[in-house]
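The values are calculated or read from the model by the stated rules, or taken from the named source; none is laboratory data. From a predicted model like this one, the values you see are computed outputs, not experimental measurements. Methodologically, a virtual Cβ is constructed for each residue, glycine included, from the backbone with ideal geometry; neighbour enumeration extends over all protein chains shown.
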Amino acid sequence: MSEATTVSVAAGPAAGDYEVVIGLEVHAQLRTRSKMFCSCSADYVDAAPNARTCPVCLGLPGSLPVANREAILMTLRTALALECDIPAHSKFDRKNYFYPDLPKGYQISQYDEPLSRHGRLRFPVDGREVTCGITRVHLEEDTGTMHHEGDVLQSAARSVVDFNRSGVPLMEIVGEPDLRSPTEAREYLQRLRRLLMYIGVNDGNLEQGSFRCDANVSLRPVGSRDLGVKVEIKNMNSFRAVHRALEYEIERQRSVLDSGGALEQETRGWVEARGATLAQRSKEQAHDYRYFPEPDLPPLELSKELVEEVRDALPELPEARAARFVEQYGISLYDAAVLTDTREEADCYERLAAAGVPAKLAANWQMGDVARLARETRVPLWESGLGVDGVRVLLGLLDSGTIAATTAKELLEELYLRGGDPQALVAERGLGQVSDEALLARLVDEAIAANPRAVADYRGGKQQAFGALVGHVKQATAGKADARRVTELLRERLDG
Amino acid sequence: MQLSPEDVAHVALLARLGLSEAEQERLRAELEAILDHIKALDAVGIEGVGETAQVTGLVNVWRADEPRPSLDAAAALGNAPEADGAHFVVGAIQE
Amino acid sequence: MSAAGWSGRTAVECAAALRSGEVTATGLLASARGRRDAVDGRLGAFLARTDDLAERAAAAADERLAREGMAAPPLCGIPMAVKDVMCIEGVETTAGSRILSGFRPPYTATAVGRLLDAGAVVIGKTNCDEFAMGSSNENSAFGPVGNPWDLERVPGGSSGGSAAAVGAQIVPLALGSDTGGSIRQPASLCGVVGFKPTYGRVSRHGLIAFASSLDQIGPFAHCVEDAALVYECIGGHDPLDSTSAPDAVGDVRAELGRGVAGLRLGVPREYFAAGLDDGVRRCVEVAIETLRGQGALIEEVSLPSTAAALSAYYIVAPAECSSNLARYDGVRYGRRVASPSLQQSYLRTRDEGFGAEVKRRVMLGTYALSSGYYDAYYRKAQKVRTVIAREFAEVFTRVDALVAPTSPTAAFPIGERSDPLSMYLCDALTIPVNLAGLPGVSVPCGLVDGLPAGLQVIAPRMADALALRVAASYEAVTDWHSRRAPLGVAA
């Protein structure tokens, strides 16, 4: 588990040194097409209220759940990516509580036989590897959503309920209390989110709530093995909010402890506008979920064959893929890490490399101009008009010397959104590079004749002067001269 | 089996039953009698016996991930005690 | 024959008459409605009348019979009643509870849907104990049901309305549900055949849940063959119920005539223990001798944990019910008691919406699952359930089926059993079958002071056809199932 580092949060009264203990619980909606226990579409975000509901997800009398196989496989895929153990047996349980967004008065979840346990997530923080244990990954169903009159739960005289989200498959990933700072917590979440998106199980949208996080935070005197009084924090809707809420809460707990006070085990909500965590009134007067096995769903037997089927379908994970890119394509580890940040990005790179674009050229362009355009237009390459194939053709023209780099860049900008065939355009507009030997030789001779000063400087050891000569030739060809050949011809004449 | 009035009140709250005091007291006595009778469970040897939650022996019953049409929203809301045309409506959540 | 003349006839007889042209589906419907309207004011078996639906179904059945003739499904045109715990799209479905008054489901239960597809004519929804919790039908929010043999007595429960509707010769067939005996016990008390199939044989999709791991839908009828007809229609796999058995039901009626010669039938001695009425005991003993006379090998066996089954049941069923009934919160359907706050609305809606027995079981189940008591009650009950299933399995290595009383007593007077525990004992002999998920059938086997007694046949899991075969064999040489309740038309 991670190195225990003492965190001094902000400058406060140095009454005591505390170790920060953070554990995170992530709820991630699975990217299935249909809901967890019924066949309603799981694509609810833009639907009219209550238009994605049926007797099952409305909890009508007599309705019965039928489990979505894909959701179970996605949870297992996640578990394997997190190095979890998959037990031979698993089952669903009912978690009983009353709330208007919970149509059956119970949530189908997993209690004592989750789909997986005992995993880990490793990630770098400030150049050091942190390992956070994963207690368990289990599968349950999401609740409906509520809107409160005036948008404030506490004062609303009435609230309205929409059950479109009810029954969307929800994976709960419970982390061990192995994190020691808000930064570690944030890095853990970012790395986890990236992983879930990479393996195609979650779309990573914190704002819309497809990826949600609660934190448990406590402080303990440095050196102590006991856990301090734990406070749960909810309502953090961005990585920044997680970081700020944890910093706030650690400082709050520290000052309570330093002033000799006692902390209360409670749930607090992060209130962005006030930059503070506030105690939440309990929604249940009595917390007793009365879990028991869900009688409407037969148990799960997770055979070796099934687990291997899931493992075989697991894509190469980002770290392994980056290492392979270094090995296979000879690019730097830094470049490989950037290019494997998302699965789409890495797939894109591999398509370029596989098509014969030199690995370094492809990396430079993908991370440079292509990435910039994707940022500016908010359209990733693989969804752009040009597409991965267009870039492949463009870089092929560049690599073969048919067009100059500046031309390639201009074409990329022009075609990125609107699309088109780069090859045809080059022919049509005569953008091909000037590589006619006789012409280039004449222009090089002219450049030498017209710049005696530069020639003298170069021969005198000033390398920069060489650029002026190349520039002269380029200017004479409107930038289309084959720069490599021009360089060669100049060297023959000046160095010879 | 002894049940205190507090036990009964706690269980009634968990079950969201707004029982009158008289009803709670009557139920307390009835539940005690039933729980006494249920002691017959103790006569059965259950050392090392597994639990039966279901009797079918079925495992891995699941469906393919294929969406099907939902109810239309009007049908979904058709039985609602209170609705605003698009949502179900409930009263103040916090008192 | 006049329309009223079809009252009390079996479905098989009606089906033959429909095909011979002796009667039409519309005529059978008129007969059933006539009888219903004449007697149900005193009986109280029906909660909702579905006359529009029935008229359309009867007209469609007549067309289909004209078109398909002998190839039409056997139940085409046969009047039926459905216990009000099964959803029919657009038809008020209350489960006998105030909390669901006015609820019109937007979908139809699989079992009912299969009957409707086969051309059956559903004339109404029948009264029952609230959420199927009870053994006398006195727990219905909409009033008690009379026993057709004596209107001052209970019809049994919880499917009392369905049993009474068949017993009173309003319809030849009705659907009920059985969680701890709720088909077999009222069948016994009303002098009709009642069959609870193996758990998983009939889809629970659309059946309002009481205790999900125990509930099973099944038929009431005047004879075993009629019950088999319904079972063949409603049974079989349903992808909408994850606990539905994948096996095909098969040709059950072909098995019914095979007799019992050479079959080993066990008589569990614990089913004849204290509490069994002497009159009922004599009827069942004579019935067992009848089966012996037909060539069955009768053997006494022991199911030692029978008494504990009642205890296990009164943990498991209330626990599941406490969760199944949590959805009745007045938010999406049913009755809501308006209150200034949500919390008050929950408390008052559920307090006023549920009756005393439902609240008792919700309290009991909530307690049994609550923190600190789960192991002592729920977990222990689940283990006892394992023991009970094992005892049955062990006995079934030595005998093919079991024969025993269905109900320890004949019908008792309405209002007699006010103590919950004495009511719970009504199901002492039917509950173990539910805990093990076995098939069980009750057939009329005599009269005790003019009130029916029932013989229960219990078979191994999935041996539904065998249970029905033993019952049919008994029925073939006795006429108890042909006796009709003396419920006259005049008051």
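With the condition being within 10 Å of the chain's Cα centre (by Cα) and among the basic types (K, R), I'd like the strands (runs of 3 or more DSSP E) fully within the range C:111-229 carrying at least 1 qualifying residues.
C:193-196
Within the range C:368-391, is there a residue that is of a type in the set (A, V, I, L, M, F, W, C), over 18 Å from C:V316 (Cβ atoms) and touching a Ser or Thr at 6+ places or on another chain (Cβ under 9 Å)?
Checked against the condition, which is being of a type in the set (A, V, I, L, M, F, W, C), over 18 Å from C:V316 (Cβ atoms) and touching a Ser or Thr at 6+ places or on another chain (Cβ under 9 Å), the range C:368-391 yields no hits at all.
If you check every pair at least six apart or on different chains, which have Cβ atoms under 8 Å apart with a residue in the range B:52-73 that is on the phi > 0 side of the Ramachandran plot and at the interface with another protein chain (Cβ under 7 Å from one of its Cβ atoms) first and a residue that is in a loop (DSSP other than H, G, I, E, B) and crowded, with 19+ Cβ neighbours inside 10 Å second?
B:N60/A:P298
Of everything in the range B:1-36, what is facing chain C (nearest Cβ under 7 Å), of a type in the set (A, V, I, L, M) and under 19 Å from the mean Cα position of the chain (by Cα)? Give them in sequence order.
B:V11, B:A12, B:L14, B:A15, B:L17, B:L19, B:L27, B:L31, B:I34
Taking the condition assigned to a loop (DSSP other than H, G, I, E, B), at pLDDT 95 or above and more than 10 Å from chain B (Cβ to nearest Cβ), does C:S418 pass?
no
Are there helices (runs of 4 or more DSSP H) fully within the range C:1-108 with at least 2 residues that are among the basic types (K, R) and at pLDDT 95 or above? List them.
The qualifying helices (runs of 4 or more DSSP H) are C:25-43, C:51-68.
Can you find even one residue in the range C:243-262 that is under 30 Å from A:L58 (Cβ atoms) and either away from chain A (no Cβ under 14 Å) or touching a Leu at 6+ places or on another chain (Cβ under 7 Å) (or both)?
For the range C:243-262, residues under 30 Å from A:L58 (Cβ atoms) and either away from chain A (no Cβ under 14 Å) or touching a Leu at 6+ places or on another chain (Cβ under 7 Å) (or both): present.
Inspect the range A:62-77 for any residue being touching a residue at least 40 places away in the same chain (Cβ under 8 Å), crowded, with 24+ Cβ neighbours inside 10 Å and more than 13 Å from every other protein chain (Cβ to nearest Cβ) and give the result as yes or no.
no
Among the listed residues C:V166, C:V192, C:V154, identify the single one that is touching a Phe, Trp or Tyr at 6+ places or on another chain (Cβ under 7 Å), of a type in the set (V, I, T) and farther than 30 Å from C:P74 by Cα.
Going through C:V166, C:V192, C:V154 in turn, just one is touching a Phe, Trp or Tyr at 6+ places or on another chain (Cβ under 7 Å), of a type in the set (V, I, T) and farther than 30 Å from C:P74 by Cα: C:V154.
Give all pairs with beta carbons closer than 6 Å in which a residue from the range C:364-383 that is at the interface with another protein chain (Cβ under 7 Å from one of its Cβ atoms) and over 21 Å from C:A326 (Cα atoms) meets a residue that is part of a helix (DSSP H, G or I) and aliphatic (A, V, I, L, M); count only pairs at least 6 apart in sequence or on separate chains.
Going by the 6 Å Cβ cut-off, the qualifying pairs are C:K380/B:L41; C:A381/C:A312; C:A381/C:I315; C:A381/C:V316.
Considering only the range C:237-295, how many residues are closer than 20 Å to C:T430 by Cα, basic (K, R) and within 23 Å of the chain's Cα centre (by Cα)?
Counting residues in the range C:237-295 that are closer than 20 Å to C:T430 by Cα, basic (K, R) and within 23 Å of the chain's Cα centre (by Cα) gives 1.
Of everything in the range B:74-95, what is at the interface with chain C (Cβ under 7 Å from one of its Cβ atoms) and either over 27 Å from the mean Cα position of the chain (by Cα) or not charged (D, E, K, R) (or both)? Give them in sequence order.
Passing the criteria: B:A75, B:G78, B:N79, B:A80, B:P81, B:F88, B:V90, B:G91, B:A92, B:I93.
Out of all the residues in the range C:92-109, which are closer than 17 Å to C:L53 by Cα and within 18 Å of the chain's Cα centre (by Cα)?
Selection gives C:T93, C:A109.
Taking helices (runs of 4 or more DSSP H) that do not extend beyond the range A:392-465, which have at least 1 residues that are free of Cβ contacts under 8 Å to residues at least 24 places away in the same chain and closer than 30 Å to A:E376 by Cα?
By residue number, A:405-418, A:422-429.
Determine whether the range C:422-439 contains at least one residue that is of a type outside the set (A, V, I, L, M, F, W, C), in a helix (DSSP H, G or I) and in contact with a strand residue (DSSP E or B) (Cβ under 9 Å, 6 or more places away or on another chain).
Yes, there is a match, as at least one residue in the range C:422-439 is of a type outside the set (A, V, I, L, M, F, W, C), in a helix (DSSP H, G or I) and in contact with a strand residue (DSSP E or B) (Cβ under 9 Å, 6 or more places away or on another chain).
So B:G57 passes all but one of these: (1) surrounded by 13 or more Cβ atoms within 10 Å (Cβ to Cβ); (2) within 30 Å of A:L306 (Cα to Cα). Which condition number does it fail?
(1)
Run A:D93 past the list (1) buried (at least 23 other Cβ atoms within 10 Å of the Cβ); (2) within 11 Å of chain C (Cβ to nearest Cβ); (3) farther than 25 Å from C:G200 by Cα and report the number of the one that doesn't hold.
(3)
Hey, could you check the range A:210-231 for residues that are polar (S, T, N, Q) and assigned to a loop (DSSP other than H, G, I, E, B) and say which is surrounded by the fewest Cβ atoms within 10 Å (Cβ to Cβ)?
Only one residue fits best here, namely A:S224.
Quick check: is even one residue across the range A:332-353 out of contact with any strand residue (DSSP E or B) (no Cβ under 9 Å at 6 or more places or on another chain), part of a loop (DSSP other than H, G, I, E, B) and of a type in the set (A, V, I, L, M)?
no
What are the residues in the range C:306-361 that are touching a residue at least 24 places away in the same chain (Cβ under 8 Å), within 18 Å of C:V85 (Cα to Cα) and either within 12 Å of chain A (Cβ to nearest Cβ) or aliphatic (A, V, I, L, M) (or both), if any?
C:A317, C:P318, C:E320, C:C321, C:S322, C:S323, C:N324, C:L325, C:Y328, C:Y333, C:G334, C:V358
Look through the range C:440-466, keep the residues that are in a loop (DSSP other than H, G, I, E, B) and over 21 Å from C:L263 (Cβ atoms), and return whichever of them is farthest from the other protein chains (Cβ to nearest Cβ).
Among those that are in a loop (DSSP other than H, G, I, E, B) and over 21 Å from C:L263 (Cβ atoms), it is C:G450.
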